[in-house]
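Here, each number is a calculation from the coordinates, and none is a lab measurement. Every value quoted in this text rests on a predicted model; they were computed, and no experiment measured them. Cβ atoms come from the backbone with ideal geometry, glycine included; neighbour counts cover every protein chain shown.
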Amino acid sequence: MDKKFLFVCGCPRSGTTALWRLMVAHPRIVLGVERYVLFAHQKNKLTPELYEKQKFFDLQPKETFYKNLVEFSRYYETAFKRFDRAEWVGDKIPLLFSRYEDIETTMPGANIIFIVRNIIDVAASYQKRADLGTWSKDKDYKQAVAEWRQSIERTLEFTANKDRKIRVHVISYEDLFLQTADLRPLFDRLDLDVASEVQTQYRKLIEKSDQLDANRGDGLTSSKRQYVALNAPFAEYRDILDRRLILPAQQASPVS
């Protein structure tokens, strides 16, 4: 297979979907929408064969939570047309941070983009979904702290070794989507230009994030905030931000 492998991951509710939308705007990138999320959660190893064109577009039971690619996301129509010319193929699987070693074993040379977001917004989003019944009741703010902690600690642990066979790039949601950042460091790592399609999509994502941020109420009570403050690993959060690839806007040149 002449493709290179690229994945997007991060604690759920941290902006993995927005990051996915940014990356797949590039005509040389094809990424699934949690294409093999159930497969990965069942502790099966992701292998290059799964990202061959014929297999990638042949959805089978127990691979993901949806039953039809195009009915779930029209993006797959675009992905099919772009696949032959794509240089990078892969997937968005939020909890993939728990499987870094597996990817290193089966796909040496792969790149993984890990996105991190502040725990207050993540916990509030978990709690809102639990309250609305979108998620199970026990997947609440406490679960958010646990998964946020795991995502950061696993990424810190894995990236501490500089001799890894895959590259993990750390991105901050706030740096990327709540201000205009320079995208070149990220796309330079993939040997790609910041295509015009990417710049157009980025402006749309910035505008949408600004609107969501302006209208958002976090919905956490004082006691829930106290739990987050006492249990979230803020020192590790600062450590992971020290490894981020894209710097805040005031330290970087804006995208052209």
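Checking every one of the GluC sites (Glu not before Pro) in region 1-94 against DSSP loop status and a limit of 16 other Cβ atoms within 10 Å picks out Glu52, Glu87. For the chain, the Kirkwood hydrodynamic radius from C-alpha pairs, put into Stokes-Einstein at 10 °C and a viscosity of 1.306 mPa s, yields a diffusion coefficient of 84 µm² per second. By the beta-carbon count within 10 Å of each Cβ, the least crowded to most crowded order of Lys139, Lys204, Lys92, fewest first, is Lys204, Lys139, Lys92. Dipole orientation for the chain: of the candidates Tyr51, Leu176, Leu69, Leu69 has the Cα lying most toward the positive pole (charges on Cβ; Lys, Arg +1; Asp, Glu -1).
Going from the residue with the fewest nearby Cβ atoms within 10 Å to the one with the most, Ser136, Ser125, Ser73 rank Ser136, Ser73, Ser125. Expressed as an acute angle from 0 to 90° and rounded to the nearest 10, what is the orientation of the C-alpha long axis of helix 119-132 relative to the principal long axis of the chain? Once rounded, the angle reads 90 degrees. Considering only Asp102, Asp91, Asp191, the Gaussian network model of the chain with Cα springs below 10 Å gives its largest mean-square fluctuation to Asp191. Ranking of Leu247, Leu96 by neighbouring Cβ atoms within 10 Å, starting from the fewest: Leu247, Leu96. On C-alpha positions alone, give me the angle between the axis of helix 222-231 and the longest principal axis of the chain, in degrees, nearest 10. Once rounded, one gets 60 degrees. Here r is the Cβ-Cβ distance between Gln54 and Asp242 and R0 is 41 Å; the resulting FRET efficiency, rounded to 0.05, is 0.45. Once you sort the root eigenvalues of the Cα gyration tensor of region 1-105 as a ≥ b ≥ c, which label holds: rounded (a/c under 1.5), prolate (a/b larger than b/c) or oblate (the other case)? Rounded is the answer for region 1-105, as its axis ratio a/c remains below 1.5.
Given charges of +1 on the Cβ of Lys and Arg and -1 on the Cβ of Asp and Glu, with all other atoms neutral, how large is the dipole of region 4-245 about its Cα centre, in debye to the nearest 20?
340 debye
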